[in-house]
Each structure stands twice: as structure tokens, then as C-alpha cells.
Amino acid sequence: MENYIKENKPNAAKFINSLRSAGYDNYDAILDIVDNSLDAKATKVYISIKPTVDDFQLTIADNGIGMSEKVLDEAMRLGSDTERNEDNDLGKFGMGLVTAFLSIGRKLTVITNKDGDFYTSIQDVDEIERTNEFVKELRKSTREEEDFYKEVSKNKKSGTVIKIEKCDNIQNTNINEFVERLNKKIGQTFRYFLSKCDIYIRGDKVEKIDPLMLDNKETEVFSEDYIDIATESGKEEKLGIKIVLLPSFDSSLARLRGINMANQGFYIIRNNREIASGETLKVFDKHNDFNRVRIELILNGKLDKTMGVTFKKESVKPKEEIIREIKKFVKPQLETIRRSIKKEQQAKNKDSIDHNPSLEVISKKQSNLIIPEILIEKRDRSNLKSVGSVDKKESGRERNPKETQRRMMRPNLEWQYKSLSKMGPFFEVDQVGKKLIITYNIDHPFYANFLEDQKDNQEVVNAIDFMVYSLATARQTQVNDENIGLIENIFAIFFANLKTLLSDGN
């Protein structure tokens, strides 16, 4: 019987250059190489990037267990077949080393030392293009290569050195900026490893960066639990879920610490390594109410396919049924947190925004203001000369001028805060007895963009208070049974237009 099966190798030159354009971020590529060091039980990792005459050279050295010639041979393949532990290892797909190097440069040299035996492998894109074959060098290390290994690895007994040259894909040639960004990426991505492994970039030790601020005593671990997730094999694995509420900082410190809409949401931890951050996973919509919320999803490699983890380990795309399970568990807790934050914000705002200066001005000028009658003492309508003037008599007796002055210094006016929804008015006005109550809507964009943001600028706070007080008194003064609908419509249009003009978007 004729055999129709034929070899179908890819065109090496075209394929290798396609991989070089796969959209692999430089920083993520370096993180993937560090993964290999950590899987090799390294306790020290040294990263260096430096300019050469007309190029850059990137080296990553570790003191891990090193590789035998056989393991090195396999590690230099695309889709390498090396033994992996899905519960612990960071690598899995056998694509990390080669694809990572290709995204940065054209020549890769690996020098490894295992129990005193040195081996070198070199892969060069120029040679692959020349031969149109996937070729590499694999041999015993030269004395020069051993010396280079000892120099960059601090002369450790075992370990591996990765050297990438012909770096034509460096995305930021400003080395200082490149290093600063890489430092932050490594500090956050490997934060759970940095207690047992020291990573250095150009000689400086990387410090861990924890977006959940778990070391801060004011951080609240709102809940910590897990849900059972069915894998492709039919077995169940646990997906850990930790919901954290960050401390409340003032606006300037919050901005400095990255407490904003961009950073709120899910942080995906796979085998103790962060692979995604600030995700919504279609579980909730980002909103300022959730700026202090961070949620860790903790999984092992057995959930990779179910959670949609790719070989680049830079994002996740869970299946819809998994999203539904996560949403069912998380969404009610987010609503509880939202209500808690609202109450906390209302109490905080009442204390932090100072309305006393505007109240004092209103008090001093009250006799010249047009205000609802209920705000001033009961008047004899026959003696009323103008709207807003104050009677000299009350209950048939002369008023004491000092008593009048005391009352004017304490007008029946109170400022409050409530959550009235983004679709609600900027403020509401109510009368309770002789007291006028003006309630600011903390959901309205005017509140966030002006009043709260300018709370330290007393002149702005006063101006907003005066404007709102004037609108409130105008409404209360003019409203009656016949025109209440008209006035409510005027105010509704005013608030709707104000919201639209201040909101983001077209």
C-alpha cells in the first residue's frame, strides 16, 4: 500500500522571521528567560544590558542547577520536550527561551555548567537564513566561554548564562528607561519569589512590588477562598480567590501609588508568578468606586487551558463558564465593598471638605439674600418691605439686636453627602423644619471633578457652595403647587446637561 505521508518541514528562514514579529514584548521575553532560572532552583539571577560598538548585549546569568548536554540540546529547540511539573514550574510549552531571544536579537549563546561540565549552544538567525535550516551549535565550552561564564555568574559552581547579541528589536534604546521599566516588571511579576531568590539588574537588587499592599497593616483582606474548576481531563482543580481592599490615601498619595482605574481588578497568579494584572475578565466594569479593589486569582499549570493561558504568559482568556463562576462568587462581594466605600467616603468627605467659610459668608450676608421664608424667623407679612428682609418683631415683641446677630451667625443650613447615582442630580435640596439641607451627590462627575478634587482650594469650595446655595434658595423660593413641574424640569435639564458636558467620551 502506497504511503502518502510526507515530511512537511516549514521554510526555516521565513518561519524564524515570522516568530520574530509575533508581538512579543521585550520585557515579557526577559521575564520568560528568568522563569527558566527560577525553575532551575536559582537563588541568584544577574541581568545586564549594555551597549556595544553598534549594538546591545543582554545577558542573564543564574546559579541554578545547570543543564547536561542532552537537556541543553532539547532546550534550544522550538517546542522543547523537557520534564515539567505543572504544580510548580513556570515554563510549560517549551517555547520560552527561543521565542524570547528571537523577539530581542538575532544571536543566542547559552553557556551552562552542571557539576563542572561546561557546554555551549549557539543559535544564529543569520545562519538559519543562509542554510534555510533550523541549525545550531552544540559542543563543549571553550576556555574563553568558561571565563565569560565565571565573570557574569560570579564564578558559581553551577548555573547558566544566556547571552543575546545583534539586538535589533530593542523597543527602548534609552537604557536607563529600559532598566527602570524592567525593574518594576520583575519586582511585581516575581514578588512571591523575591523572598528566596535575589535578582539584580546592572548590579542593583530588585525589590518586590506588591499591588495588593499586603505588608501594609491598613490593607484589608476582605475574603480569601477558592472555587472548584473542572479541567479538560474532567478533574477538578482549585482556583484561589483573594479579594483585597487597599488603604484609603489622599488623592496625591493615591495617584503616586497607582490607586486608580487602570490598576483595579484581577491579578492572575500562576504557580506564584503574576501573568496578568488589572483585568476585569468581563466580571465587572471599571469604576472609581473600585480603585482600591485588588483581586488575586491563584492557579496552577493544570488550569492553563481552561483559563486560556498562552505560552507568552502575558494574559488569560477564561472560558465563558469559568467567567460565570468567578462572577457569581465575586460580584456580590464587590457590591458589598462598593456600599462600604460609599459610606466611608461620605463620612470622610463631611470632615475633609470645609464648608464653614462659605457658611460664615452666607451668615453675614443673609439679610441681603433672597431666601425661602422658612429659613428666617416668622414674619409679619404686612410689614414685609422686600423679599429676604428680616422682621423686627416675633410673636408681638421687639427682637433683641444681639439675638438677631447670633441667629444670623448660625443660619439653618446644613451640607450633606449621599450616593444618588451617576444619573441623579448634582445636589438635592430639602427643608426640615426651619433647616435647609443641601445634599451633594458623590456619584455626579461635577462632585469628583471639581468639589472633591478642589477640596484643598477653599476659594473654589466657597464658590461652588455659593452657586449651589443660590440655586437651592432660588428653587425653594419660587416653587409652588402650580409651577413645581416646570421648575423640576428646568433643574432636571440643568443637571443632565452638566453631567453630559463633564463626562468622558463624545
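Read-outs: derived from the displayed coordinates by stated rules, not from any lab. Fair warning: this is a prediction, and the values are worked out from it, not measured in the lab. When we count neighbours, we look across all protein chains shown, and the Cβ atoms used for this are built from the backbone with ideal geometry, even at glycine.
Taking packing as the residue-averaged number of other Cβ atoms within 10 angstrom, the listed peptides 291-300, 477-486 run from highest to lowest as 291-300, 477-486. Based on DSSP H segments of at least four residues, each scored -39500 (n - 2.57), the chain has a per-residue ellipticity at 222 nm of -10500 deg cm²/dmol.
Contact order for the chain, expressed relative to its length and based on alpha carbon pairs under 8 Å spaced 6+ residues apart, stands at 10 percent.
Computed from the alpha carbon positions, the gyration tensor of the range 1-79 leads to an equivalent ellipsoid with semi-axes of 32, 20, 11 Å, biggest first. Could you tell me which of Leu239, Ala75, Asn489 has its Cα farthest along the dipole of the chain towards the positive end, charges placed at Cβ (Lys, Arg +1; Asp, Glu -1), taken about the Cα centre? Positive-most Cα among the choices belongs to Asn489.
For the cross-link pairs Lys107/Lys163; Lys217/Lys327; Lys114/Lys156; Lys343/Lys435, which exceed 20 Å when the distance is taken from alpha carbon to alpha carbon?
Too far apart for the 20 Å limit: Lys217/Lys327; Lys343/Lys435.
Local charge sum around Phe466 (other residues, Cβ-Cβ under 11 Å, Lys/Arg +1, Asp/Glu -1)? Residues close to Phe466 contribute a combined charge of -1.
Just in the range 140-240: which trypsin sites (Lys or Arg not before Pro) are loop by DSSP and have at most 10 other Cβ atoms within 10 Å?
On the way: sites: Lys140, Arg143, Lys150, Lys154, Lys156, Lys157, Lys163, Lys166, Arg181, Lys184, Lys185, Arg191, Lys196, Arg202, Lys205, Lys208, Lys217, Lys235, Lys238; in loops: Lys154, Lys156, Lys157, Lys166, Arg191, Lys196, Arg202, Lys208, Lys217, Lys235.
Passing both the DSSP loop test and the Cβ count: Lys196, Lys217, Lys235.
About its Cα centre, the chain has a charge dipole of approximately 1780 debye under the convention of +1 per Lys or Arg Cβ and -1 per Asp or Glu Cβ, with nothing else charged. Between Ser252, Ala276, Ile322, the Cα set farthest toward the positive side of the dipole of the range 220-348 (charges on each charged residue's Cβ, about the Cα centre) is that of Ser252. Treating each Cα of the chain as one equal point scatterer and applying the Debye formula with no solvent, the log10 of I(q)/I(0) at q = 0.07, 0.10, 0.11, 0.12 Å⁻¹ comes out as -0.58, -0.88, -0.99, -1.10.
Annotation for Glu321 and Glu74: the two label points, set 7 Å from Cα along the Cα-Cβ direction, are 3.3 nm apart.
For Leu108, neighbours were defined as the other residues whose beta-carbon sits under 10 Å from its Cβ, and their charges (Lys and Arg +1, Asp and Glu -1) total +3.
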